[in-house]
């Protein structure tokens, strides 16, 4: 992976003399030497010197280059050395490598050069002859001898050796690169069968469950129950509620002496319950302990924490369940079933018994992990059940999300209960929400992983510590107004081939649609790939339409995943969409936005042909053309979720337009925007390609102009002279009416004539910019048809420009400010736009003066 430069000088009486320079990518940027000096010598005297002959030598397989680099830095024998690849570090190397060669390619475009693969020079076959012929031709050397492979440049390992022989985590690396067009071909030669493939085990997995295994009949349970009588509730109503809860526990749990311990937490100001007599009289056939707390009114999570410490430290409980005094358990033998679930998690995920969280299925709030069960292992690891910041909200989803990263958060699908009140009566306590999904959850995940990776003692030996890699959590949020059941089922049937925790969030944004009940019935409770159906309500409890941006924000707010895929409800995602995004997240973990590729159908009528010709949907496939696009459309996008507070601005149109530009502009300040061309989805033509689709496209223009008014968007705007559509708008709206009011009818007629001339020229100018490659068959076969398509596309472009100008009039300070669609990545485009608008404006002003203002 090097570039060789040779300066050839010819003198009249002397033979040819040559001086060779060798440089690896980015060597000229070494920190030990001043960059300005190197830039002067390297770039100006070598790269930009057309007298220097350039031989660009590169490897066929960039991944093998990185593997070779990593293996050469190991102390072990190169041939026997297996490495563990950090995927994000590998991708940074690949990005630098490809960027360096793109720079070489651009800087030497008009210079004498040849490009040769390193592997061709060490193969003794036809490829060697071809490579040497290119070099000899460049140097002007005659082919006198049969070329031989360069023995002194033989690689340290065979170039055809399979990569899986050198990479311990080969499966992970291959998955991350599987849907990237450039990296996928790096594995093309690795076609060895799985039977030949050596195991890629990174660690010893000791039998860690055995030391914690006890007979099921010795498991001790404690149910943690904060209890309070309601302010507007009589003592009889309170007693009836406690009786229902108690009888459900008594009839469904183990009998004495293995019955669960009921630990009640009571507020000291609750006169009906603080003496404990009522509780003990009701729960007389089960072991009961009543604890009275001062100053913890309404602080349910803190009471849970104190009761849990009492259960584990004083009573030696193995399992505790965070319950409420309004719960009715419906399933018999639920203890055995939950214990079996804990054992299954330990077995399936190779985790210590107890490193898990199992929740009942709450029939009142299906899909929400109400009332989780945790093991003493959790208490010993964290020294508490919940962090001290929790008051009365968020404790149960926090525990569930914590263990979800290990695949150890599950619902006991055959254990159900009913939450009869569920916090609906706000008089009992004031809810105090807590944003735990950011740093607090990240810190807990880190503690959990460290606890699992501790060395495990087996007999007299200490086994190697477990290497547990947390699972990625990727949710899919889909706001649905159309309620197309078939497409929603296609989206919710997406699956990943790599272990990941996935949930679907369907936000019903059209509650009056006839398919709305079917959408609600799509709600499921599952260990993975759960479908959640959400709705937003008015203050009186009536479902309402909030618009696409608000619906996405609602779904993102409830999702606790690390990343969220945003899809429109009318797209058909490719089967590998989740895999492509997961691989991209592995390779670029610091990216703030991942832009997928959304394909449009082949044009079917005049309007759709014009939309293709005008590149109206060009941004939908920007991921296939740019490595770091400036922004992407929300039809197929992946964004940071729990660690990001960026949400869509609700001032944009409900149907969409501008909100994606605005979101990406703000997100780009926190991380790069990365293209994921392998994440494909297919989008139908808006309004089936009918004429009403133009209204949808013009709504984009309205939203785009709203971006200009945002203070944070000013860095992506520029000022320029008015374009043709804006001049037409001003003349028709102001010039002609003023002349008519002053009774200068001939001048008004001449202004109207000048407007017609401007319209014709503007249409011609827009149409002339449409390349032949944008015209699709059968329109391109006919000159008349292709011309009509160009003119129709130009008309739509002018309508967009006029719409933008109309909506920006509401903010006079933003008139004639434009959006830099490239977000500064293409400064030449801004200069080009300014120059074109200036020349056209000057021409139109002269035209108006000559035709419209002439006496």
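The values are calculated or read from the model by the stated rules, or taken from the named source; none is laboratory data. Remember, it's a predicted structure, so these values are computed and weren't measured experimentally. Cβ: placed from backbone, ideal geometry, glycine included. Neighbour counts: every protein chain shown.
Things worth noting here:
- Segment 222-242, subset buried (at least 16 other Cβ atoms within 10 Å of the Cβ), at pLDDT 85 or above and more than 17 Å from residue 319 (Cβ to Cβ), residue farthest from the chain's Cα centre (by Cα): 239
- Condition check for residue 762: out of contact with any strand residue (DSSP E or B) (no Cβ under 8 Å at 6 or more places or on another chain), crowded, with 21+ Cβ neighbours inside 10 Å and touching a residue at least 24 places away in the same chain (Cβ under 8 Å): yes
- Odd one out for residue 486, checked against (1) under 29 Å from residue 359 (Cα atoms); (2) assigned to a helix (DSSP H, G or I): (1)
- Filtered residue count, segment 493-517, keeping only those that are surrounded by fewer than 19 Cβ atoms within 10 Å (Cβ to Cβ) and not in a loop (DSSP other than H, G, I, E, B): 2
- Selection count where residues are crowded, with 19+ Cβ neighbours inside 10 Å and farther than 19 Å from residue 312 by Cα, scope segment 243-265: 4
- Counted residues, segment 598-654 - those being part of a helix (DSSP H, G or I), in contact with a strand residue (DSSP E or B) (Cβ under 7 Å, 6 or more places away or on another chain) and more than 22 Å from residue 562 (Cβ to Cβ): 4
- You will find that of 365, 398, 360, the residue that is free of Cβ contacts under 8 Å to residues at least 60 places away in the same chain, surrounded by 19 or more Cβ atoms within 10 Å (Cβ to Cβ) and outside any helix (DSSP H, G or I) is 360 and no other.
- Members of segment 289-339 that are in contact with a strand residue (DSSP E or B) (Cβ under 7 Å, 6 or more places away or on another chain), farther than 23 Å from residue 394 by Cβ and part of a helix (DSSP H, G or I): 334, 335, 337
Per-residue answers, yes or no, for (1) crowded, with 18+ Cβ neighbours inside 10 Å; (2) free of Cβ contacts under 8 Å to residues at least 60 places away in the same chain:
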| residue | (1), (2) |
| --- | --- |
| 301 | yes, no |
| 305 | yes, no |
| 337 | no, no |
| 340 | no, yes |
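- Count of residues meeting criterion [surrounded by fewer than 22 Cβ atoms within 10 Å (Cβ to Cβ) and part of a helix (DSSP H, G or I)] in segment 560-586: 1
- Residues that are farther than 17 Å from residue 840 by Cβ and assigned to a loop (DSSP other than H, G, I, E, B) were ranked within segment 707-740; the one that is nearest to the chain's Cα centre (by Cα) is 710.
- For segment 55-70, a residue qualifies if it is in contact with a helix residue (DSSP H, G or I) (Cβ under 6 Å, 6 or more places away or on another chain) and under 13 Å from residue 85 (Cα atoms), and the qualifying residues are 63, 66.
- The number of residues in segment 678-697 being assigned to a loop (DSSP other than H, G, I, E, B) and without any contact (Cβ under 8 Å) to a residue 12 or more places away in the chain comes to 1.
- Within segment 72-102, the set of residues being at pLDDT below 80 and part of a helix (DSSP H, G or I) comprises just one member, 72.
- Residue within segment 832-839 that is more than 30 Å from the chain's Cα centre (by Cα), in a helix (DSSP H, G or I) and under 16 Å from residue 630 (Cβ atoms) present: yes
- Test result for residue 802, in contact (Cβ under 8 Å) with a residue 40 or more places away in the chain and surrounded by fewer than 18 Cβ atoms within 10 Å (Cβ to Cβ): no
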